[in-house]
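Reviewing the structure listed below.
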Amino acid sequence: MSAWKKFPVELSELCIDTVLRCGQSFRWKKTGETWSCALKGRVLLLQQEPDHLRYREIFPEAPVEAQGSGTSTIDLLNDYFNLSTDLKSLYKQWSDRDPHFSKKAITFTGIRMLRQDPWENLISFICSSNNNISRIGQMVGNLCIHYGPRIAEVDGTVYHDFPAPEKLAVKGVEETLRKLGFGYRAKYIAQTANMVVNELPEGWLMGLREKPYREAHDALLQLSGVGPKVADCICLMSLDKTEAVPVDTHVMQIATRDYKFNKIKSKSMTKALYDAVGDHFRELWGPGAGWAHSVLFTADLKSFADKEVGVVSKTTKKSKSTTVKKEVVEGESVIKAEEVTVKREANLNSSVKDEIKEDPWSDDQSSSSRKRKIETATVDALETTVVRRRLRSGRER
DNA sequence: ATAAGCCCTCCCCG
DNA sequence: ACGGGGAGGGCTT
């Protein structure tokens, strides 16, 4: 049984409560104070204190074919959380260049880009089209249960790592994923896995880390289910392209509402408009525009939670039990249902609690549905209502 | 309860 | 070459 160890990192450099649920990765779960996920062949447990993380690593009892299991957990933490970049000095640069950013950044510290595995990042964001965070989480979880290697059982929960490309480049994947509720994305995933394994050169995806932003972006577009927005998510979140700005309708809202961006001529999102919004932010914030964008993006998600928590004082914490009904998919259809009791705390970002004020720049009206969906997911995680998570099989209809 | 509105990519059509 | 518009699955309003 492994022990808890300390990993020094300031809360202002990394706030896992925010970063692990702002729509970058979809596999982390929080139970009580502990975040957990299977990563690079081990189960990783994390708890955050103001000046360090506590972490615990659990390796499989029998050797498992999982990529990266040789990496030390310290190296993994440094790499996954992208800690070689000094976030505080970036915040200062962006604040100097942009008063609106400066205003938002005060209450939203420690928001940085993860440095994810490109393959997981790619498949997760193919799932993200036409979709909301909680359902993406369901899908990715199911993908791991069905195709990913079992790593270990910890405190009654079985953890699976993300499946390697080869596992998804086999016959029947599209059909299985359709039954699991992936919809039309099932085909995209099957085709993309096939392309990566059978048509593109070995190491092609990881190799995009060495290429310039535009080249990597354009290369990704050849994959099925990958358009400009998803390509930018991958560039930003796993390929080290800090200038990539994924423009969805929500970011479009921020641009028009908070930055007076004028989207006159086209009414739908055209390529020209897409590039114009990205360029706008790249000029404003500089080469780290993608990182800066995620601070504002996340800040907007939070504003809802802030209003809900509202006048909660600094020392008040709500901690209640939530009953989560969880259905586990096995084989081809939903079979098992189990009750799980989860304790949750109502404070997301410990640095956010006090100053909940109305910001004239970001008043309502702004409600894009993506925003609302993500906020809803956040509130689900925070609030105490009974949450029903349902997975539909193909025949259940 | 039902219908309408969304999200993002693909693909066809002017 | 470029933009408009519908399909596609499931969730929210």
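None of the figures in this text is laboratory data; all of them are computed from the coordinates on show. The shown structure was predicted, so the numbers you read here are calculated from the model rather than taken from an experiment. Note: ideal-geometry Cβ built from the backbone for every residue, glycine included; neighbour counts use all protein chains shown.
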Between residue A:88 and residue A:279, 0.36 nm times their residue separation minus their Cα-Cα distance comes to what? 66.4 nm
Would segment A:1-71 count as rounded, prolate or oblate if I go by the C-alpha gyration tensor, calling it rounded below 1.5 in a/c and otherwise prolate when a/b exceeds b/c, oblate otherwise? prolate
What is the sum of charges, Lys and Arg at +1 and Asp and Glu at -1, for the other residues whose Cβ falls under 10 Å from the Cβ of residue A:173? +2
Relative contact order (percent, whole number), segment A:149-224, Cα cutoff 8 Å, 6+ residue spacing: 23
Using a simple spin-label model with points 7 Å from Cα along the Cα→Cβ vector, what separation in nm is obtained for residue A:29 and residue A:166? 2.8
Point-to-point label distance, residue A:7-residue A:218, nm (Cα→Cβ direction, 7 Å offset): 3.7
Given A:250-258, A:34-42, the highest-first ranking by average Cβ count within 10 Å works out to A:34-42, A:250-258
Among A:79, A:86, A:161, which comes first, second and so on when ranked by fewest other beta-carbon atoms within 10 Å? A:86, A:79, A:161
Within segment A:58-83, what residues put their amide N at less than 20 Å from the label point 7 Å along the Cα-to-Cβ vector of residue A:197? A:64-69
Projected area, mean over directions - segment A:1-123, Cα convex hull, nm²: 8.6
For the residue A:72, residue A:259 Cβ pair and Förster radius 45 Å, calculated FRET efficiency rounded to 0.05 is 0.60
Can you put A:7, A:182 in order of Cβ neighbours within 10 angstrom, beginning with the fewest? A:7, A:182
